[in-house]
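Report on the structure given below.
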Amino acid sequence: MLRLYNTLTRKIEDFSPINSPGVGIYSCGPTVYDYQHIGHMRRYVGDDILIRVLKYDGYHVKQVMNITDVGHLVSDSDEGEDKMEKGAKKFGMSVWDIAKKFEQQFLESMDLLNIKRPDVLMHATDYINDQIELIQILEEKGYTYRTEDGIYFDTSKFPDYYKLSRQNPEELKAGARVEMVAGKRNVSDFALWKFSPKGVKRQMEWESPWGKGFPGWHLECSTMSMKALGPSFDIHTGGIDHINIHHTNEIAQSEAASGRKFVNYWVHHAFLMVDGEKMSKSLGNIYTVEDIIQKGYDPLSLRYLYLQTHYRQEMNFTFKALEAAQNALKNLREEVSRWDEQKGHIEKFDNQFFEAINEDLNMSKALAVVWDLVKSKNPSSQKAGSLFKYDEVLGLNLSKVRKFREEDIPHAVKELLREREALRKEKKYHLADEIRHKIKKMGYDLEDKNGKTELKPL
Ligand code: AMP
Ligand code: ZN
């Protein structure tokens with residue numbers, strides 16, 4: 001039985017889905033206006049682990065994720081520039097091209113980290129009509145009002161507004177009066193629809209019953225999650241910074257519209273830090289997965305590193321720690337490569353592993369079980385039987401190490417290898433290195449030994 005921390009109750013609870021064995025899960029996805037860095041990716045590995053554990057436990061999981069390609073303003077409180085329009089200016093491209101470029105970069109980073117792709121990926125701009133319909137429902141029920149710059153949700157009409165964040169409204173009022181958007185009735189009210197500013201042609205804008213404009217950021221997640229998973233579903237995930245505003249607003253507008261409980265379990269991931277500060281673009285301390293590879297690291301070492309810290313704990317990133325994780329993974333692979341073909345399993349470790357992962361996803365404990373198993377005196381065939389099963393959760397491709405045979409090398413990799421050989425003969429080493437990089441991306445590394453090139457899986 002999975003036990004999971006629920007931000008809504010601030011307790012670790014027994015997980016029990018609405019329609020077992022089905023589980024519906026919605027993950028707030030990226031705003032595709034710039035590169036996704038390894039801080040963002042920690043979150044998505046966290047979601048991946050949760051989903052893999054649910055599957056390991058026998059559930060049928062449907063994961064839905066959104067791609068925010070409109071409406072997310074620089075400030076979470078309905079002010080400032082649209083992140084997408086800002087990104088478009090920065091890179092000198094249209095917003096639509098920016099969205100495509102960075103969605104691609106995000107999906108590639110996911111693949112490199114062996115994160116399973118969501119079952120359903122929804123783009124906010126594909127569901128504008130549904131978002132307008134949700135506002136209409138809220139309007140009919142009396143939750144909305146109009147200001148100079150948009151249609152707002154009146155949070156004073158939703159009595160349980162602070163149930164997720166547990167903030168004190170009086171303190172909020174005192175703190176935020178100065179920067180409150182003109183016309184807003186309450187500090188916590190938020191935009192459902194923003195009008196395009198007068199005299200400004202936005203790259204992304206749509207007609208609506210209230211005037212030309214674009215949807216508020218929170219609205220897309222309510223609309224798309226309920227469309228894909230129904231008005232009540234099991235799990236909703238995001239970064240801890242989403243608790244106070246984004247997820248609080250999602251609950252308010254979804255429950256006001258449907259009259260039902262929106263989500264049963266709220267899962268929030270802690271940040272990746274660098275020297276005590278959040279890894280973020282504005283601080284200039286970011287690395288992408290691509291950067292990590294350029295520096296000679298295997299992206300799965302990064303995955304291993306993430307697994308060492310509990311998802312609700314802040315994690316400090318250092319290259320020293322990444323190096324150590326890389327060595328640990330290398331040692332693990334070396335052990336595994338010597339093992340016999342898998343046969344049977346070791347119940348004692350299976351039980352310990354199962355307990356660890358189901359204890360609010362205690363992956364560092366699960367890794368400790370892995371090492372206990374590796375060092376134990378059991379037959380290697382049984383160790384393999386157990387470990388390869390655990391790897392369905394760990395996602396470290398450990399069985400690949402064991403099963404590697406010359407004939408398993410994909411055709412595309414062999415082609416690249418031939419291309420590289422040719423370039424090396426012509427002494428075009430720089431180009432040859434680029435090919436090596438491509439081969440690495442496909443999960444293989446090369447070693448040039450005594451005039452021969454040997455290929456091995458990463
Ligand atoms: P941004 O693209 O900076 O707006 O970030 C989008 C979301 O990614 C944030 O709301 C966080 O939930 C998550 N995120 C950003 N930076 C980090 C970090 N350093 N560690 C973990 N999650 C992060
Ligand atoms: Zn969201």
Inset, instruction - Pick out the one residue from GLU335, GLU290 that is modelled with pLDDT under 95 and either in the same structural domain as LEU394 (by TED's automatic domain parsing) or in a loop (DSSP other than H, G, I, E, B) (or both). - result: GLU335
Legend entry - Members of region 321-343 found to be in contact with a Gly (Cβ under 8 Å, 6 or more places away or on another chain) and either more than 17 Å from GLU392 (Cβ to Cβ) or hydroxyl-bearing (Ser, Thr, Tyr) (or both), listed by number: LYS343
Legend entry - Pick from region 233-266, criterion under 17 Å from THR7 (Cβ atoms) and among the hydroxyl-bearing types (Ser, Thr, Tyr), ranking: nearest to ligand 2 (Cβ to nearest atom): THR237
Inset, instruction - Could you tell me whether ASP448 is in contact with a Lys or Arg (Cβ under 9 Å, 6 or more places away or on another chain), at pLDDT below 90 and over 24 Å from VAL370 (Cβ atoms)? - result: yes
Inset, instruction - State all residues of region 1-44 that are of a type in the set (Ser, Thr, Tyr), more than 20 Å from PRO118 (Cα to Cα) and more than 16 Å from ligand 2 (Cβ to nearest atom); if no residue qualifies, say none. - result: TYR5, THR9, SER16
Inset, instruction - Please find, within region 236-248, the residue that is farthest from ligand 1 (Cβ to nearest atom) out of those that are touching a strand residue (DSSP E or B) at 6+ places or on another chain (Cβ under 7 Å) and more than 18 Å from ILE67 (Cα to Cα). - result: ILE243
Inset, instruction - Determine whether region 214-229 contains at least one residue that is polar (S, T, N, Q) and within 13 Å of ligand 1 (Cβ to nearest atom). - result: no
Inset, instruction - Having 1 or more residues that are farther than 18 Å from ILE357 by Cα, more than 15 Å from ligand 1 (Cβ to nearest atom) and in contact (Cβ under 8 Å) with a residue 12 or more places away in the chain is the bar; report the strands (runs of 3 or more DSSP E) wholly within region 10-115 that clear it. - result: 22-27, 60-67
Legend entry - Which numbered condition TYR429 misses (of (1) touching a helix residue (DSSP H, G or I) at 6+ places or on another chain (Cβ under 9 Å); (2) surrounded by 13 or more Cβ atoms within 10 Å (Cβ to Cβ)): (2)
Inset, instruction - Might you check whether a residue that is outside any helix (DSSP H, G or I), hydrophobic (A, V, I, L, M, F, W, C) and at pLDDT 95 or above occurs anywhere in region 341-348? - result: yes
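The values are calculated or read from the model by the stated rules, or taken from the named source; none is laboratory data. These numbers come from a predicted model, not from an experiment. Note: ideal-geometry Cβ built from the backbone for every residue, glycine included; neighbour counts use all protein chains shown.
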